[in-house]
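Okay, structure first, notes after.
The values are calculated or read from the model by the stated rules, or taken from the named source; none is laboratory data. Keep in mind that what you see is a predicted model, and the values were worked out from it rather than measured. Every residue, glycine as well, gets a Cβ built from its backbone with ideal geometry; the counts of neighbours run over all protein chains shown.
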Amino acid sequence: MTVLIIGGSKCGKSSLAESIISRFGGKKIYLATMQPYGDDARAIIERHKEQRKNKGFETVERYTDIGQTPLPEDCAVLLECIGNLCANEMFSGESISYPAEKIVKDLHRLAGRVRELVIVSVRVGSDGITYEEGTAAYIGEIGKINSGIAAFADNVIECVFGIPVVLKGELPCLSR
């Protein structure tokens, strides 16, 4: 099963994703994509690890080439977040200017290797603001990635003010 959860900042996406994946009885992997640039990012990462400490997740950090992540058989994966992954592919190291196709292929491959995949992404492109060219390209790529994931996902859920709104499929059973 593949679930895509989208929404704005601080809307409950992560809590919903954790609730969905927590019912899984096997190995649970938290696939973290945020690179630790600077003290603020490191503090956020440590806070997130502390919040997940007793939830049964093994944290795996992977910033690019998500489809090549070594994972145990029959595991469940919570991938957070497409916004970070896209930025990593576009703007760091051996960056790809327009990574949507690569990321969607990698995620589709990843979905075929795990029992359950819950992907957290940011809702973009609906604020009506005109952005600088690089930012506009980044927003455009996230939109393409979200659309690509939605095409193969079993369930697509938008989180609005902490309320899950099902756009495709159904709301999976939440934690036991």
*asked:* Restricting to the stretch 3-15, count the residues that are part of a helix (DSSP H, G or I) and either surrounded by fewer than 19 Cβ atoms within 10 Å (Cβ to Cβ) or not small (Gly, Ala, Ser) (or both).
replied: 2
*Out of curiosity, is Glu101 touching a residue at least 12 places away in the same chain (Cβ under 8 Å), surrounded by fewer than 17 Cβ atoms within 10 Å (Cβ to Cβ) and over 21 Å from Ala151 (Cβ atoms)?*
no
*Close pairs (7 angstrom Cβ cut-off, 6 or more residues apart or separate chains): surrounded by fewer than 21 Cβ atoms within 10 Å (Cβ to Cβ) in the stretch 114-136, assigned to a loop (DSSP other than H, G, I, E, B) and small (Gly, Ala, Ser) anywhere*: Arg115/Gly26; Arg123/Gly8
*Does the stretch 146-168 include one or more residues that are crowded, with 18+ Cβ neighbours inside 10 Å, without any contact (Cβ under 8 Å) to a residue 60 or more places away in the chain, assigned to a helix (DSSP H, G or I) and touching a His at 6+ places or on another chain (Cβ under 9 Å)?*
yes
_Long-range neighbours under 8 Å by Cβ, at least six apart or interchain, first residue under 13 Å from Ala76 (Cα atoms) within the stretch 13-42, second at pLDDT below 90 and of a type in the set (Lys, Arg)_ = Glu18/Arg52; Glu18/Lys55; Ser22/Lys55; Ser22/Arg176; Arg23/Arg176; Lys28/Lys55; Tyr30/Arg52
*Select, from Glu50, Glu18, the only residue that is assigned to a helix (DSSP H, G or I), under 25 Å from Ile163 (Cα atoms) and in contact with a helix residue (DSSP H, G or I) (Cβ under 8 Å, 6 or more places away or on another chain).*
Glu18
